[in-house]
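Just so it is clear, none of the values below were taken in a lab; they were calculated from the coordinates. Being a predicted model, the structure only gives us computed values, none of them experimental. Don't worry about glycine lacking a Cβ; one is built from the backbone with ideal geometry, like all the others, and counts go over all protein chains shown.
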Number of protein chains: 2
Amino acid sequence: MSDAKIDQVLDHLDAGLPQAIDRLMGFLRIPSISTDPAHDGDVRRAAEWLRDELASMGFAAEIRDTTGHPMVVAKTPPGEARPLLFYGHYDVQPVDPLDLWDRPPFEPALEDTPDGQVIRGRGASDDKGQLMTFVEACRAWKHAHGALPEGLTLLFEGEEESGSPSLVPFLEGNRDELAQSLALICDTGMSSDGRPAISTQLRGLLGEEIVLRGADRDLHSGSFGGLAANPIQILCNALAALKDDTGRVTLPGFYDGVEELSDDLRRDWEALDFDAGEFLSRVGLKHPVGEQGRMPLEMVWNQPTAEINGITGGYTGDGFKTVLPAEARAKVSFRLTGTQDPARIREAFRAHIRAHLPGDCSVEFHEHGGSPAAVMDTSDPAFEAAKTALSEEWDREAVFIGMGGSIPIAGDFKRILGMDSMLIGFGRDDDRIHSPNEKYDVESFAKGARSWARILATLR
Amino acid sequence: MSDAKIDQVLDHLDAGLPQAIDRLMGFLRIPSISTDPAHDGDVRRAAEWLRDELASMGFAAEIRDTTGHPMVVAKTPPGEARPLLFYGHYDVQPVDPLDLWDRPPFEPALEDTPDGQVIRGRGASDDKGQLMTFVEACRAWKHAHGALPEGLTLLFEGEEESGSPSLVPFLEGNRDELAQSLALICDTGMSSDGRPAISTQLRGLLGEEIVLRGADRDLHSGSFGGLAANPIQILCNALAALKDDTGRVTLPGFYDGVEELSDDLRRDWEALDFDAGEFLSRVGLKHPVGEQGRMPLEMVWNQPTAEINGITGGYTGDGFKTVLPAEARAKVSFRLTGTQDPARIREAFRAHIRAHLPGDCSVEFHEHGGSPAAVMDTSDPAFEAAKTALSEEWDREAVFIGMGGSIPIAGDFKRILGMDSMLIGFGRDDDRIHSPNEKYDVESFAKGARSWARILATLR
């Protein structure tokens, strides 16, 4: 694309920013809380709003019903360029506790803050504001080119904040239609130092619940203490033995598939100047734990973890009861990296727990999901091209970053549709997503749309 | 006392058994549940019933108010023989769950069972039936001798099942009046092999609650896992390290004061033929745990323990949350033997937990009681005399046994009144005290009263 054309697109975005913000405000006024059945009608209204908006721009847009909330699918005609799938979600988180909001969550407004102007309201950042950056880029593109970018498929989900129950069946049922050469996902953030970022690896997640049983009833610790097995003690012993003194997980084969950082990524991550002490100090902590001798970002993005997310057993109310309990429970999760195999790690974990059981105790396991890490193939030239486009737009060098969390959609796209995802988003650490007073920086919205215009230009 | 006299007492007990059972039934009909304020009037009524019964027999009996439920104190004139204090409690446990009772808990009845006749009803064994064995022995004594036994002080409490809040102040406030040369307590059981028993040692009890705190809020295990301290993991590590592989507690100095069994006691306990496997099989277990190489009864009665009575942290509801929690809590108790010092062990335990804390975590401890073991001085000739009397009555050799649990009153008598306690009771393992369908064997009631008559004869 010529420089003149992209400049036209960007100029149009700049000139139309007030109108773009107005449109977003309209979208934000629809309380599309997907987890609350009382808002089912609102969720549908948000889908219709999006469908109408896209149709008015020239997309072939339609609502596709599922057994839950509907999908919105919009397409442009195929062309020469590689076909792309863009994903976002139009549902939002609940607003509780409502009394902590400084304004009604679904009456969005522009606010001036010491850090610049923000759009305040539920969904501003997660994900209505983010997805609209792409939509506005398309609108400006059409204005400059006379037509929408070719070969686009847009997929908008209405259940992301409630576990996406309909997504996998929908992908499986529409494989041919949805499988493109690359997915673009706008639901992530910038680097914490403010640089534009592409998230190229996400940790996987494996959840296990353990129910460890001893006696067939709660016992009196006076009558039985010293003779009878205590399930809490056994559970503590087994969970303590899950890591050695250096913080490494002791399960046999656990680190199979964990890959050392490439030199390129190490350089990118080191350049982020991530200050673990400062990061931890925000939540009242000081010292990075975990395996020693690794850089902190490596621990969060490229190393696996084993964490106890919950534990309960015996008497936990006020006061004291000298009970020797019949059972104890724990929820344990593993964040996975590289090609670690969730199924093998689940088996190793169960074997580890069983090895700690006396002969007269039993254990029951409940599976709570297991997905491998998603590591994108950044040799796809789109990644370097997008990085360059982002660097130009933000006038700061864009970086490839990792994510400590897990975004199942990226794994689903890979597994079901066979395509990698390029995760680019403009959220900030202080956007308060999922919390009261959510906001999205006007800069993120404006430069986000400009960023997508530049990225589309490099890929079209 | 002449054989003729004791025979008269015993004959009178036998002849009067139906009337004695009737009296107990009247006592059992009063629902004196001390923990439930709705029954405050009933608790007082039970105290009055007892006071009236004792007064009608010739005791100088009175109700003594406290800030809680009243005490009943009854006395006979001093004489030549050593002064004795008898203790029992007239309050009972709640009856929930009511629907598991086969008959209304406060409408007691005689029932024929394959193991003999029983008195069924709340309080039949714990402790109304037991305390009445002593009262009935006194009644028969008076019939034979023309006067009650000399030098008796009877103390009946109405708050034993609700933590005895008034007991210590009452003992402290009436030291001179209540301190006698020996206490008789009827609130324990026979040996599990059916032999009469004197409990000569009770384990002490020390309770500690730990609140371990990390971050100042719950964290997302994706964003922070690998960097932030997990209080559950730290707690598990510390609690697992509380014992070594052989089951011994690792706290420095923990075993100071634990005494090896005397040859005499070892002989008595070995003669009990306690089958740990059978005992554990009743609650669905098989294998004795704890320190290896010791006889099972020694583990329960003469060795200290460390037990985790409760633990909680993080997400414990249905499903799964990948939270890295801000805090974790545990309740831990120690059963103490010999002269183990609760205060020193508390300090050692706290130091142990603190030693496992990273620098950015904190811990808070809540004290839940601490009392040393009560080990009776069985060189007091009353013990051998009572053993002989019990052996004669039951035609089986009586034994000195230990108790795994703790009966604070014995320690209170020792500490505040400076006297040992002789714990003799006739409860059975299957009496279902604190549970629905509580019962007391008619044999226990009848031979219990006869046992006290014989014991009084040896001590008068």
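Remark: for residue pairs B:LYS128/B:LYS286; B:LYS331/B:LYS414; A:LYS5/A:LYS128; A:LYS387/A:LYS447; B:LYS128/B:LYS447, the C-alpha separation exceeds 23 Å in B:LYS128/B:LYS286; B:LYS331/B:LYS414; A:LYS5/A:LYS128. Calculated FRET efficiency, B:ARG396 and B:ASP263, Cβ-Cβ r, R0 25 Å, to nearest 0.05? So the FRET efficiency works out to roughly 0.70. For the stretch B:116-217, the average shadow cast by the Cα convex hull is 13.0 nm², which is a quarter of the hull's surface.
Database note for chain A: Cys without another Cys beta carbon under 4.7 angstrom, A:CYS138, A:CYS186, A:CYS361. With the simple spin-label model, which puts each label point 7 Å out from Cα in the Cβ direction, the A:GLU111 to B:ARG354 separation comes to 4.4 nm.
Charges were assigned to the Cβ only: +1 to each Lys and Arg, -1 to each Asp and Glu. The resulting dipole of chain B about its Cα centre is roughly 660 debye.
Using r as the Cβ-Cβ distance of B:SER435 and A:ARG294, and R0 as 35 Å, what FRET efficiency do you calculate, to the nearest 0.05?
About 0.05, to the nearest 0.05.
Principal semi-axes of the equivalent ellipsoid, √(5λ) from the alpha carbon gyration tensor of the stretch A:218-351, are 37, 19, 11 Å from largest down.
Normalised by the number of residues in the stretch B:68-130, the mean separation of alpha-carbon contacts (under 8 Å, six or more apart) gives a relative contact order of 32 percent.
Distances, shortest first, from the label point of B:ARG45 to those at the same position in the other copies read 6.3 nm; the point lies 7 Å along Cα to C-beta.
Counting only the backbone N, which residues of the stretch B:430-460 are under 13 Å from the spot 7 Å out from the Cα of B:GLU150 toward its beta-carbon? Residues B:460 fall inside that zone.
Per-residue shielding of A:238-247, expressed as the average number of other chain Cβ atoms within 10 Å of the residue Cβ, stands at 3. Taking amide H as placed 1.01 Å from N in the peptide plane, B:ASP218 has its amide H under 5 Å from the amide H of B:ALA326, each at least 5 places away in sequence or on another chain. Post the alpha-carbon centroid distance, the stretch B:35-89 to the stretch A:117-151, in whole angstrom. Using only Cα atoms to place each centre, the spacing works out to 84 Å.
Among A:434-441, B:294-301, A:213-220, the peptide with the highest mean count of other Cβ atoms within 10 Å heads the list, and the full ranking is B:294-301, A:434-441, A:213-220.
Give, as a single signed number, the net charge of other residues whose beta carbon lies under 14 Å from the beta carbon of B:ASP268, with Lys and Arg counted +1 and Asp and Glu -1. Before the final figure, lay out the partial values.
Details: positive: B:ARG195, B:ARG266, B:ARG267, B:LYS387, B:ARG396; negative: B:ASP193, B:ASP263, B:ASP264, B:GLU270, B:ASP273, B:GLU298, B:GLU384, B:GLU397.
Every neighbour counted, the sum reads -3.
Across the identical copies, the label point of A:GLU384 (7 Å from Cα in the Cβ direction) is separated from its matches by 10.0 nm, in order from shortest. Of all DSSP bridge pairs formed entirely within chain A, close to 70 percent run antiparallel.
Kirkwood analysis of the stretch B:1-140, using all unique Cα-Cα pairs, places the hydrodynamic radius at 16.6 Å.
State, as an integer percentage, the relative contact order of chain B based on alpha-carbon contacts under 8 Å between residues 6 or more apart.
This gives 26 percent for chain B.
In units of the rule-of-thumb radius 2.2 N^0.38 Å, the stretch B:366-460 shows an alpha carbon radius of gyration of 1.25.
Two numbers describe the Cα atoms of the stretch A:96-173: Rg and Dmax, which are 17.0, 48 Å. Just to confirm my numbers, what's the Cα centroid distance between the stretch B:189-258 and the stretch A:417-436 in Å? Cα centroid to Cα centroid, the span is 43 Å. FRET efficiency for the B:ARG282 to A:GLU177 pair, using the beta carbon distance and R₀ = 60 Å, is estimated at 0.40.
Legend: mean number of C-beta atoms from other chains within 10 angstrom of residue C-beta atoms, peptide A:362-371, equals 1. When a/c reaches 1.5 or more, the comparison of a/b and b/c decides; with that in mind, is the protein assembly as shown rounded, prolate or oblate per its Cα gyration tensor? Because a/c hits 1.5 or more and a/b exceeds b/c, the protein assembly as shown counts as prolate. The DSSP beta bridges internal to the protein assembly as shown are antiparallel in roughly 70% of cases.
State, as an integer percentage, the relative contact order of the stretch B:1-159 based on alpha-carbon contacts under 8 Å between residues 6 or more apart. Please report the intermediate quantities before stating the final value.
Details: 261 pairs, mean separation 51.4, N = 159.
The value is 32 percent.
Taking amide hydrogens as placed 1.01 Å from N in the peptide plane, the amide H of A:ALA61 sits under 5 Å from those of A:LYS75, each at least 5 positions away in sequence or on another chain. For chain B, a Kirkwood radius taken over Cα pairs fed into Stokes-Einstein (20 °C, viscosity 1.002 mPa s) yields D = 89 µm²/s.
Selection among B:ALA140, B:ALA389, B:PRO31 by position relative to the dipole of chain B gives B:PRO31 as farthest towards the positive end (Cβ unit charges, Cα centre).
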